[in-house]
Amino acid sequence: MTPSRPQAGPSTCQPSCLPACVGVRVDVRVVGPPSAGAFKERFAPPTKFRQFYDRGDFPIALDHNTRGHRIIWKVNIQDLDYHHYLPLFFDGLCETVHPYEFFARQGVHDMLDHGSDRVLPVIPQLIIPIRNALNTRNKQVICTTLKCLQHLVICDAKVGEALVPYFRQILPVFNLFKNMKSNDGDRIAYSQQRRENIGELIQETLELFEIHGGPDAYINIKYMVPTYESCKK
């Protein structure tokens, strides 16, 4: 007698045996890449300028009057060692706290006003402080540095051309912030009045670089800031 075959009955397959996609709704959330943080402010370590100021090594004092603040120089500015002092004042452009910020900014302008031909030999020593200030990504620091750069270019006829070899070090931040212009109505008018619009200050500075930088200035600016158009017609 042959054994009987088992009768086919209801499927005994468990739910776990079914394909996962059957009757199951899966919510998929696509997460984009994290922010690169290109515009994020960066930490600036304590400057040598602050160290020298706290030790009283600068021949300067603060004068309060009805017009505001100004620097009193205890020595004739023209007698200063520009190779020593000018890089230190440029180093202080990273500062954002009073009185360091005020002394550094005003000290740079005072020395450039009286520097004449003594500024040109110091240019190589100014590049690292300028680059450090721009790389903080701090808008206040960038605006202050751009104004100092404009003053630097026009303080001596040969400075503009001397800066051209260093464009690759100082212009990357220009390219990053060139199109940053505020459009907040009254706020933009106020920023223009105080010359705190980064985009416009960058455009002004690049034009000064081109005008005073000699025949190779434009091509070097264009290489680092592709959207820049010549101001020379």
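Assorted remarks:
- Cβ separations smaller than 6 Å between residues 6+ apart or across chains give the following pairs from region 115-135 residues that are under 21 Å from Arg168 (Cβ atoms) to residues that are of a type in the set (S, T, N, Q) and open to solvent by 10 Å² or more (accessible area, probe 1.4 Å): Ile127/Gln169; Arg131/Gln169.
- Taken across region 27-41, residues that are part of a loop (DSSP other than H, G, I, E, B), over 23 Å from the mean Cα position of the chain (by Cα) and modelled with pLDDT under 70 do occur, with at least one present.
- Scan region 204-233 for residues that are assigned to a helix (DSSP H, G or I) and either buried (at least 20 other Cβ atoms within 10 Å of the Cβ) or touching a helix residue (DSSP H, G or I) at 6+ places or on another chain (Cβ under 7 Å) (or both) and the total you get is 12.
- Some residue of region 97-105 being loosely packed, with under 13 Cβ neighbours inside 10 Å and aliphatic (A, V, I, L, M): yes
Here is a yes/no grid of residues against (1) at pLDDT below 95; (2) charged (D, E, K, R):
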position: Pro87; (1), (2): no, no
position: His98; (1), (2): yes, no
position: Ala104; (1), (2): no, no
position: Gly115; (1), (2): yes, no
position: Arg118; (1), (2): yes, yes
position: Phe167; (1), (2): no, no
position: Leu176; (1), (2): yes, no
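- Condition met for Val153 (open to solvent by less than 10 Å² (accessible area, probe 1.4 Å), β-branched (Val, Ile, Thr) and either under 21 Å from Phe58 (Cα atoms) or more than 19 Å from the chain's Cα centre (by Cα) (or both)): no
- At least 2 residues being over 19 Å from Glu204 (Cβ atoms) is the threshold, and among the helices (runs of 4 or more DSSP H) wholly inside region 104-172 those reaching it are 123-134, 167-170.
- Qualifying residues in region 46-96 (those that are within 19 Å of Gln125 (Cα to Cα) and basic (Lys, Arg)) - the one most open to solvent (accessible area, probe 1.4 Å): Lys48
- Test: residue in region 74-83 that is of a type in the set (Val, Ile, Thr), assigned to a helix (DSSP H, G or I) and within 30 Å of Lys40 (Cα to Cα): no
The values are calculated or read from the model by the stated rules, or taken from the named source; none is laboratory data. On a predicted model such as this, the values are computed, not experimentally measured, just so you know. Every residue, glycine as well, gets a Cβ built from its backbone with ideal geometry; the counts of neighbours run over all protein chains shown. What goes into the accessible areas is simple: the full protein's heavy atoms, side chains included, and nothing from ligands, DNA or RNA. Shrake-Rupley method; radii C 1.70, N 1.55, O 1.52, S 1.80 Å.
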